[in-house]
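One structure below.
The values are calculated or read from the model by the stated rules, or taken from the named source; none is laboratory data. Predicted model only: the values in this text are computed from it and were never measured. Reconstructed Cβ throughout: ideal geometry from the backbone, glycine too, with neighbour counts over all protein chains shown. Just so you know, the surface numbers come from the protein's heavy atoms only, side chains and all, with ligands and any DNA or RNA stripped out. Shrake-Rupley method; radii C 1.70, N 1.55, O 1.52, S 1.80 Å.
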Amino acid sequence: MGQKINPLGFRLGTTQSHHSFWFAQPQNYSAGIQEDEKIRNCIKDYVQKNKRTSSGFEGIARIQIKKRIDLIQVIIHIGFPNLLIEGRTRGIEELQMNVQKEFHSVNRRLNIVITRVEKPYGQPNILAEYIALQLKNRVSFRKAMKKAIELTEQTDTKGIQVQIAGRIDGKEIARVEWIREGRVPLQTIRAKIDHCSYTTRTIYGVLGIKIWIFVDEK
């Protein structure tokens with residue numbers, strides 16, 4: 001049987017790097033991971049509540065966390081800044097207050113930076129979100145997948161694979177459908193591959209969306 005592994009973890013130290021940078025003693029390690037998860041969830045919830053359009057689109061590509069003894073730095077890579085708070089410093093301050101409230105660390109400052117992603121549709125998270133939105137609006141899954149691939153082709157990627165699993169189109173039996181365009185060499189470690197798995201709730205049940213994007217080869 002083919003053994004599946006997360007392409008990001010498989011390439012750590014070669015073409016990929018961690019999304020969280022910090023050091024902890026073994027007994028505090030799990031608390032650190034939970035804290036990261038809390039920060040990420042808190043930011044996503046805030047964006048969901050305060051975004052300007054009602055499209056349900058977050059547009060967050062990834063959230064990087066760097067921790068020092070006295071400082072937690074959070075870098076939000078976002079595809080569409082107008083959906084969020086860029087240019088509104090008050091918004092960033094508000095977000096900082098919100099996250100600070102979540103965990104009660106007195107001795108550590110929190111610093112949030114927002115950076116814009118050049119080609120948002122080259123990011124698997126944003127694409128997965130786009131497909132999820134289409135599926136919620138009852139668009140046929142093949143149409144949604146093809147449209148996502150078209151959007152990616154404009155960003156000069158070398159290949160993309162999209163997979164949707166679950167009760168597609170409300171059918172009784174769950175199944176897996178996938179589509180590939182270009183090359184996606186998952187076995188080649190020097191190939192930089194972006195991956196994300198995303199769950200979306202539809203009226204029939206939960207669907208899982210997985211996307212692999214082959215960016216370039218070193």
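If you take the residues of the stretch 83-95 that are part of a helix (DSSP H, G or I) and open to solvent by less than 70 Å² (accessible area, probe 1.4 Å), which of them is modelled with the lowest pLDDT? Among residues in the stretch 83-95 that are part of a helix (DSSP H, G or I) and open to solvent by less than 70 Å² (accessible area, probe 1.4 Å), the one modelled with the lowest pLDDT is L83.
Considering T188, T152, the condition of being open to solvent by less than 70 Å² (accessible area, probe 1.4 Å) and within 21 Å of the chain's Cα centre (by Cα) is satisfied by T152 alone. In the stretch 195-208 there is at least one residue matching the filter, namely being among the aliphatic types (A, V, I, L, M) and open to solvent by 50 Å² or more (accessible area, probe 1.4 Å). Given the structure, is D36 out of contact with any Gly (no Cβ under 8 Å at 6 or more places or on another chain), open to solvent by 30 Å² or more (accessible area, probe 1.4 Å) and among the acidic types (D, E)? Answer is no for this residue. The residue that is least open to solvent (accessible area, probe 1.4 Å), among those in the stretch 96-118 that are out of contact with any helix residue (DSSP H, G or I) (no Cβ under 9 Å at 6 or more places or on another chain) and in a loop (DSSP other than H, G, I, E, B), is R108. For the stretch 166-192, a residue qualifies if it is over 30 Å from G13 (Cβ atoms) and either touching a helix residue (DSSP H, G or I) at 6+ places or on another chain (Cβ under 6 Å) or not in a loop (DSSP other than H, G, I, E, B) (or both), and the qualifying residues are G166, I168, D169, G170, R175, V176, E177, I179.
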